[in-house]
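Structure record follows, encoded as structure tokens.
The values are calculated or read from the model by the stated rules, or taken from the named source; none is laboratory data. Since the model is a prediction, treat every value here as computed from it, not as a measurement. Please note: Cβ atoms are built from the backbone with ideal geometry, for glycine as well, and neighbour counts cover all protein chains shown.
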Amino acid sequence: MDYKDYKKIEKDYFWHKARKNFIDYLLSKYLENIKQKKEKKEILEIGCGTGYQQEVIAKHGNYTGIDKNKQAIKKNKKGQIIKSSLEDFKTEKKYNAICFFDVLEHIKKDSEALHKASYLLKKDGQLFLSVPAKKILFGEHDLALEHYRRYEKKEIKILLKNNNFDIIEIIYWNSFLFPLIALARIIKKTYQGNISNKQKHNSDIRKIPKIINTILFQILNFEKNLIKLGIKFPFGLSLYIVAQKKYEN
């Protein structure tokens, strides 16, 4: 959804590369547990944007992406891409999995969006969701990317449960870099004082030297490997959630 980032940076930016790897890990871990193993799974990505993670998602089933931004989907020429907001998206199809990566924070009525996602899922279908974490960090970076909010762990759990989902796993991600980035954002926020939606804002995304980019990518990849071993961190810049649609009689 944060397609504006790609105007500033190349696609090998450490955050996007590491995030793509983490998404692949989660999909590989959980989609194999869906009962329809002999059939190719139907997967919907909401807010597919320019399709940066589409290749990874499409490895796991029949891919459909939706995005309301015409500019973004013009660059996305692979697979079935539909220009639509989630609110206006109409289909008779039901999906085994819905991917909602860094999208919910862009939607004003987030509870309604999750309710619609539940409706679009098959019985026992799975939701793969990521959101920016920690409300205290909300600032210029978020406003530049047109975020309405950041989330606390407890808050997103309640939101999902209220919209017909059982949480399978919830994980903080980008934890190793959290202390440094959080400190920098809090200092910046304190220095700037009150910020307005009417101001022009700049995100933290910018080109960095190749060696630093490589080091930061390796840090996040190492973090992913620790998570694969079962280690969970108590904080992070993002929350990743795997949830299942509740069984309906």
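The figures follow:
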{"item": "Candidate set: the range 16-26, residues that are closer than 27 Å to residue 70 by Cβ and either among the β-branched types (Val, Ile, Thr) or surrounded by fewer than 20 Cβ atoms within 10 Å (Cβ to Cβ) (or both); chosen: the one modelled with the highest pLDDT", "result": "23"}
{"item": "Pair list, Cβ < 8 Å and 6+ apart or interchain, from the range 160-186 residues that are surrounded by 20 or more Cβ atoms within 10 Å (Cβ to Cβ) to residues that are assigned to a loop (DSSP other than H, G, I, E, B) and among the acidic types (Asp, Glu)", "result": "185/204"}
{"item": "Qualifying residue in the range 135-151 (condition: more than 30 Å from residue 185 (Cα to Cα), touching a residue at least 24 places away in the same chain (Cβ under 8 Å) and surrounded by fewer than 16 Cβ atoms within 10 Å (Cβ to Cβ))", "result": "no"}
{"item": "Contacts under 9 angstrom Cβ, first residue in the range 74-94 being more than 21 Å from residue 53 (Cα to Cα), partner at pLDDT 95 or above and assigned to a loop (DSSP other than H, G, I, E, B), 6 or more apart", "result": "87/107; 87/109"}
{"item": "Sole exception among (1) of a type in the set (A, V, I, L, M, F, W, C); (2) at pLDDT 90 or above; (3) in contact with a Cys (Cβ under 9 Å, 6 or more places away or on another chain) for residue 73, by number", "result": "(2)"}
{"item": "Check on residue 231, in a loop (DSSP other than H, G, I, E, B), modelled with pLDDT under 95 and among the hydrophobic types (A, V, I, L, M, F, W, C)", "result": "no"}
{"item": "Options 4, 35, 29: the member that is within 19 Å of residue 221 (Cβ to Cβ) and either at pLDDT below 95 or part of a helix (DSSP H, G or I) (or both)", "result": "29"}
{"item": "Residue 181 in a strand (DSSP E or B) and either of a type outside the set (D, E, K, R) or within 15 Å of residue 106 (Cα to Cα) (or both)", "result": "no"}
{"item": "Restricting the range 96-112 to residues that are without any contact (Cβ under 8 Å) to a residue 60 or more places away in the chain and assigned to a helix (DSSP H, G or I), the residue that is surrounded by the most Cβ atoms within 10 Å (Cβ to Cβ)", "result": "104"}
{"item": "Lone qualifier among 236, 230 - being within 19 Å of residue 31 (Cα to Cα), of a type outside the set (S, T, N, Q) and either loosely packed, with under 11 Cβ neighbours inside 10 Å or out of contact with any Pro (no Cβ under 8 Å at 6 or more places or on another chain) (or both)", "result": "230"}
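Residue-by-condition table, conditions (1) of a type in the set (Gly, Ala, Ser); (2) under 22 Å from residue 14 (Cβ atoms); (3) touching a helix residue (DSSP H, G or I) at 6+ places or on another chain (Cβ under 8 Å):
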{"site": "135", "(1), (2), (3)": "no, no, no"}
{"site": "139", "(1), (2), (3)": "yes, yes, yes"}
{"site": "174", "(1), (2), (3)": "no, yes, yes"}
{"site": "225", "(1), (2), (3)": "no, yes, no"}
